[in-house]
Amino acid sequence: MQPMLTANVPLAGFLTAIIMPQWGPTMEEGTIVAWRVREGDYVEAGAEIAEVETSKVSNAIEASTSGTVLRVVCEPWRQMRVGGLLAVLGPADSDPSEIDAWIEEHDAWVEADETDCGMTTGTLEVGSKSIAYAEAGAGEPPLVLIHSLGADQTSWRSNVEALAGGRRTICLDLPGHGKSTFALGRGDLAQLADDVGAALDQLDVGRAVFVGHGLGAAVALQLARDRPARVAGLVAIAGLGFGGELSREFVCGLRRAERCYQAASMARLMFADPVQARRAMLDHRPAPGTASDAKRQLDAIAAAILAPGVAEALRSALAEMDIPILAIHGALDRVIAPPQALPTNVAAVLIQGVGHMPHVEAAAQVNELVAGFAAEIA
């Protein structure tokens, strides 16, 4: 649900962070060659404000909102990691102390985002594809966490530490997402489920409890249908196939979210809490959005899951499952509306006051629900 990192991030009030963008999934840092503006200058949306060089390209950063350059944080010829703060835009009369506090919040959030929770990371070769993963903890059966459309494994950072304290916990990047290969094959649920199963074979995972968000829940459900011995239980968080139809506004917005106002709109669609939406805009994980290859993969997956009959097939499969299933949904979800009814074999929890990201907005509650559910599965 996140775009490839854009250079402008609107935050509290009317301030906008100018950050080192990510032009392609392998970009890790860039160098400011020259600023075309100075502190105190007023810039219009679309104006080129800085020149950046990377190991592969030279490009310009544009301002996507109009405002005054309040702070230039990164001096010319300094290397800056992707997501690093370069400058701040906002109203000319902004309080300097509020700008300082805002910069401190930005730096603290980026530092927290980079914490790996002690996870081991790696890449698995599945045929012609590379599947990125991270894992921590010990205990059987393991938990396998599968992210939503346009996200990646880092979307579980509010959950991994708590869950890995009780059992082995594995996060995967689906093909076309995160650090995994862009190669998809068909890109439908059956293909994605096959890829997940093959990756887990390499990790010597037999039977597992799956936790899926959005698309990830549908992939886990497909895997349970195709390889029932693999899935000991399933937790669906705002799961595709467990609630209303996937919002086409969300899918279309996700694909075109290249500029900050578009990405900010996506964050507001996903989160009920505006503070969480704001923090989501600081998230600098790579995900489909600006790279043409990534967009093609996102298009392929979206077309497959929105194809006629897919939603009905998921609901049919859900009713036929003979495994423990827990569905967690946010009452204010605008991406996949909360379910009106679920089959009797599905336990359901509706969390008030949260949207499409209950595992972020209500992380402690979701962690407790998932851990309790897994503990009951031998």
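Name the residues in the stretch 221-246 that are among the hydrophobic types (A, V, I, L, M, F, W, C), over 13 Å from Pro324 (Cα atoms) and surrounded by 24 or more Cβ atoms within 10 Å (Cβ to Cβ), would you?
Leu223, Ile237, Ala238, Leu240, Phe242
Mind checking which pairs have a first residue in the stretch 336-358 that is under 21 Å from Glu249 (Cα atoms) and a second that is among the charged types (D, E, K, R) and in a helix (DSSP H, G or I), Cβ under 7 Å, 6 or more apart or different chains?
Val354/Glu361; Gly355/Glu361
Could we say that Pro274 is touching a helix residue (DSSP H, G or I) at 6+ places or on another chain (Cβ under 8 Å), on the phi < 0 side of the Ramachandran plot, open to solvent by 10 Å² or more (accessible area, probe 1.4 Å) and at pLDDT below 75 here?
In short, yes.
In this structure, does Pro288 turn out to be at negative phi and either more than 23 Å from the chain's Cα centre (by Cα) or at pLDDT 85 or above (or both)? Please lay out each step first, then the result.
On the way: at negative phi: yes; either more than 23 Å from the chain's Cα centre (by Cα) or at pLDDT 85 or above (or both): no.
So Pro288 does not fit the description; no.
Could you look through the stretch 164-182, keep only residues that are open to solvent by 10 Å² or more (accessible area, probe 1.4 Å) and farther than 14 Å from Val196 by Cα, and pick out the one that is nearest to the chain's Cα centre (by Cα)?
Lys179
Which ones in the stretch 197-218 are part of a helix (DSSP H, G or I), open to solvent by less than 10 Å² (accessible area, probe 1.4 Å), within 20 Å of Thr123 (Cα to Cα) and touching a Gly at 6+ places or on another chain (Cβ under 9 Å)? Walk me through how you get there before you give the answer.
First, pick out the residues of the stretch 197-218 that are part of a helix (DSSP H, G or I): 197-202, 215-218.
Then drop every residue that is not open to solvent by less than 10 Å² (accessible area, probe 1.4 Å), which leaves 197, 199-200, 215-218.
Then keep just the ones that are within 20 Å of Thr123 (Cα to Cα); that gives 197, 199-200, 216.
Correct list: Leu200, Gly216.
Need a quick list: strands (runs of 3 or more DSSP E) entirely within the stretch 99-191 having at least 1 residues that are over 17 Å from Val219 (Cα atoms) and modelled with pLDDT of 85 or more. Spell out how you get there, then give the answer.
Values: elements: 120-126, 129-136, 143-146, 169-172.
Ranges flagged: 120-126, 129-136, 169-172.
For the condition closer than 18 Å to Arg315 by Cβ, without any contact (Cβ under 8 Å) to a residue 40 or more places away in the chain and not charged (D, E, K, R), what is the one hit in Leu246, Leu223?
Residue meeting the stated conditions: Leu223.
If we only count helices (runs of 4 or more DSSP H) wholly inside the stretch 297-375, which ones have 1 or more residues that are closer than 30 Å to Ala138 by Cβ and open to solvent by less than 10 Å² (accessible area, probe 1.4 Å)?
Those helices (runs of 4 or more DSSP H) span 358-361, 363-375.
Can you confirm whether Gly46 is small (Gly, Ala, Ser), out of contact with any Lys or Arg (no Cβ under 8 Å at 6 or more places or on another chain) and farther than 12 Å from Ile19 by Cα?
yes
So is Ala87 closer than 22 Å to Pro175 by Cα, modelled with pLDDT of 85 or more and touching a Cys at 6+ places or on another chain (Cβ under 9 Å) or not? I'd like the intermediate steps shown before the answer.
On the way: closer than 22 Å to Pro175 by Cα: no; modelled with pLDDT of 85 or more: yes; touching a Cys at 6+ places or on another chain (Cβ under 9 Å): yes.
No, not satisfied.
The values are calculated or read from the model by the stated rules, or taken from the named source; none is laboratory data. Just so you know, these numbers come straight off a predicted model, no measurement behind them. Cβ sites come from the backbone with ideal geometry, for glycine too, and all protein chains shown count toward neighbours. To get the accessible areas, we keep the full protein, side chains included, count just its heavy atoms, and leave off ligands, DNA and RNA. Shrake-Rupley method; radii C 1.70, N 1.55, O 1.52, S 1.80 Å.
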